[in-house]
Amino acid sequence: MPVPLRRLFVALTLCCALIGGATACGSDSSSSSQQDTAAVVPAKGTPTPTTSAEKQKFAKTRFVANAGLAAGATYQWIVKPYKAGTFKKGAKGRKLALVKAGLAGAFAYNRLKAASNNAKGDPTLAKAVAPLTAGIDALKGLPAKLRKGDSTDSVANSFDDVINKVKEAGKSAGAEVKDKVPSASQLSGG
């Protein structure tokens with residue numbers, strides 16, 4: 001009687017796993033302990049990072065990416081509709097624009113907080129961005145105002161001002177930020 005292909009595949013997979021597991025267990029203990037010790041103890045004279053900010057790799061690159069996404073979302077869904085007059089009462093598509101602006105505001109706030117944390121990993125960038133943390137924190141409640149349609153003029157200007165200051169700070173620290181419009185899934189995913 002022929003054996004189904006699925007059974008052969010399962011049997012072959014199990015045999016390979018058992019053989020692979022048995023050979024992995026039979027290593028020489030003296031070479032293993034020497035390798036483990038070398039991996040744990042750093043070489044003399046090499047500095048080791050102690051804080052989470054120091055441990056962060058590619059701080060400037062991450063800062064540029066996060067700030068760029070925040071800038072793109074702010075321009076695309078807050079500043080641009082504001083300048084077009086879409087947020088005014090009675091404007092066509094106002095409700096949808098306000099919902100998108102609220103989502104974009106929450107996304108921009110999230111990415112700006114991440115960019116601020118990324119900046120802590122680079123000393124030059126940390127000095128440039130440090131004065132902006134209060135401005136970034138002030139954006140926290142503004143997305144809800146956008147969704148409701150409350151004082152859209154001041155909210156749009158607040159987001160635009162903070163984004164421009166973050167861009168200037170990045171440029172002064174050698175990390176130029178360019179707008180990058182996030183996808184709809186990024187925007188809704190936060």
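Expressed in nm to one decimal, what extension gain is obtained for the pair Asp153 and Asp137 from 0.36 nm per residue of sequence separation less their Cα-Cα distance?
Details: separation 16, 0.36 × 16 = 5.76 nm, distance 1.89 nm.
Full extension of this stretch gives 3.9 nm more.
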Worksheet item: Applying the Karplus parametrisation 6.51 cos²θ - 1.76 cosθ + 1.60 with θ = phi - 60° to the phi angles of the stretch 163-168, what ³J(HN,Hα) value in whole Hz is obtained for each residue in order, glycine and proline being reported as x?
Response: 4, 5, 5, 5, 4, 5
Worksheet item: Can you tell me the Rg and Dmax of the stretch 121-190, counting just the alpha carbons, in angstroms?
Response: 13.9, 39
Worksheet item: What residues have an amide H closer than 5 Å to that of Val177, excluding those fewer than 5 places away on the same chain, when H is modeled at 1.01 Å from N in the peptide plane?
Response: Lys171
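Using the beta-carbon distance between Leu96 and Arg7 and R0 = 35 Å, what value does 1/(1 + (r/R0)^6) give for FRET efficiency, to the nearest 0.05?
On the way: r = 55 Å, r/R0 = 1.58.
For Leu96 and Arg7, the calculated efficiency is 0.05.
In square angstrom, what is the accessible area per residue of the stretch 44-175 with a 1.4 angstrom probe? Provide the component values of the computation, followed by the final result.
On the way: 7210 Å² over 132 residues.
Per-residue accessible area for the stretch 44-175 comes out at 55 Å².
The values are calculated or read from the model by the stated rules, or taken from the named source; none is laboratory data. Treat the numbers as computed from the prediction; the structure is a model and nothing was measured. No Cβ is skipped: glycine too gets one built from the backbone with ideal geometry, and neighbour counts run over all protein chains shown. For accessibility, only protein heavy atoms count, side chains too; no ligands or nucleic acids. Shrake-Rupley method; radii C 1.70, N 1.55, O 1.52, S 1.80 Å.
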